[in-house]
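Data block below; observations after.
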Amino acid sequence: MNAPCPFDEEQGYDLDLFCIPKHYAADLEKVYIPHGLILDRTERLAREIMKEMGGHHIVALCVLKGGYKFFADLLDYIKALNRNSDRSIPMTVDFIRLKSYCNDQSTGEIKVIGGDDLSTLTGKVRIDIIDTGKTMKTLLELLKQYNPKMVKVASLLVKRTPRSVGYRPDFVGFEVPDKFVVGYALDYNEYFRDLNHICVISETGKEKYKA
């Protein structure tokens, strides 16, 4: 598996270079990871997953809401590989909803506020799409109750932060500094999910949409 793409504090792109919804124009500092780069990296992750999973049946479990865009794009690439290669992987999907943030701070408590009965996933291989280390650790403990054959975790972003719980996903898109980022379904109090790019929220934006 290839190493994730690192992004440093100084990197980023001027907002004027991209199509940003006008209602968010004053609420963002910069575009951090453009949409096209996200898609290209996601396609590569799909290839890595197909190569590693062999002929296993995958139950792809999406963590809502922040994971839905990555989940949908990743599965589209896996489906395309299934159609166009000699080896294909049987795959079903399921969803779970977790909540751990208020404003830009983790509450320290992971709430399961949606999702189907996970007992239906017993004995299957799963790809879990999640976006924070604490959420990963909590969700993995939950999944252990159902005795899966194996669990593989795919995360678009991993933050370099001293608050990390130390868990490393099996498939990682990008490593990023400890900045609060929004867009591509990642939110700040439910706002910014409609951005295509991953952006850094400004202090003005945090205050404007503060809960």
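Residues in the range 158-183 that are at pLDDT 90 or above and touching a Phe, Trp or Tyr at 6+ places or on another chain (Cβ under 7 Å) were compared, and the one that is nearest to MET50 (Cα to Cα) is PHE174. Any residue that is modelled with pLDDT of 65 or more, hydrophobic (A, V, I, L, M, F, W, C) and open to solvent by less than 50 Å² (accessible area, probe 1.4 Å) - is there at least one of those in the range 114-131? No, that holds for no residue. Checked against (1) open to solvent by 70 Å² or more (accessible area, probe 1.4 Å); (2) modelled with pLDDT of 70 or more, MET91 passes all but a single condition, namely (1). Restricting attention to the range 13-25, does a residue exist that is within 27 Å of ILE201 (Cβ to Cβ), open to solvent by 70 Å² or more (accessible area, probe 1.4 Å), assigned to a loop (DSSP other than H, G, I, E, B) and at pLDDT 85 or above? Looking through the range 13-25, at least one residue is within 27 Å of ILE201 (Cβ to Cβ), open to solvent by 70 Å² or more (accessible area, probe 1.4 Å), assigned to a loop (DSSP other than H, G, I, E, B) and at pLDDT 85 or above. Tell me which residues, restricted to the range 26-39, are at pLDDT 95 or above, assigned to a helix (DSSP H, G or I) and over 21 Å from VAL153 (Cβ atoms). Within the range 26-39, ASP27, HIS35, GLY36, LEU37 meet the criteria. Checked against the criterion of being open to solvent by less than 50 Å² (accessible area, probe 1.4 Å), out of contact with any Pro (no Cβ under 8 Å at 6 or more places or on another chain) and in contact (Cβ under 8 Å) with a residue 40 or more places away in the chain, the candidates ALA60, ALA72 yield just one match: ALA60. Residues that are assigned to a loop (DSSP other than H, G, I, E, B) and charged (D, E, K, R) occur in the range 183-191; there is at least one.
Can GLU43 be described as open to solvent by less than 30 Å² (accessible area, probe 1.4 Å), of a type outside the set (A, V, I, L, M, F, W, C) and modelled with pLDDT of 90 or more? It is false that GLU43 is open to solvent by less than 30 Å² (accessible area, probe 1.4 Å), of a type outside the set (A, V, I, L, M, F, W, C) and modelled with pLDDT of 90 or more.
Let's see how each residue does on (1) open to solvent by 70 Å² or more (accessible area, probe 1.4 Å); (2) assigned to a loop (DSSP other than H, G, I, E, B):
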{"position": "ASN147", "(1), (2)": "yes, yes"}
{"position": "VAL153", "(1), (2)": "no, no"}
{"position": "THR161", "(1), (2)": "no, yes"}
{"position": "TYR167", "(1), (2)": "yes, yes"}
{"position": "GLU175", "(1), (2)": "no, no"}
{"position": "CYS199", "(1), (2)": "no, no"}
{"position": "GLY205", "(1), (2)": "no, no"}
{"position": "LYS210", "(1), (2)": "yes, yes"}
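The set of residues in the range 180-211 being of a type outside the set (S, T, N, Q), out of contact with any Asp or Glu (no Cβ under 7 Å at 6 or more places or on another chain) and over 18 Å from PHE70 (Cβ atoms) consists of TYR191, GLU203, GLU207, TYR209, LYS210, ALA211.
The values are calculated or read from the model by the stated rules, or taken from the named source; none is laboratory data. Nothing here was measured: the structure is a model prediction, and the numbers come from that model. Glycine gets a Cβ as well: all are built from the backbone with ideal geometry, and neighbour counts include every protein chain shown. The accessibility values were calculated without ligands, DNA or RNA, using every heavy atom of the protein model including side chains. Shrake-Rupley method; radii C 1.70, N 1.55, O 1.52, S 1.80 Å.
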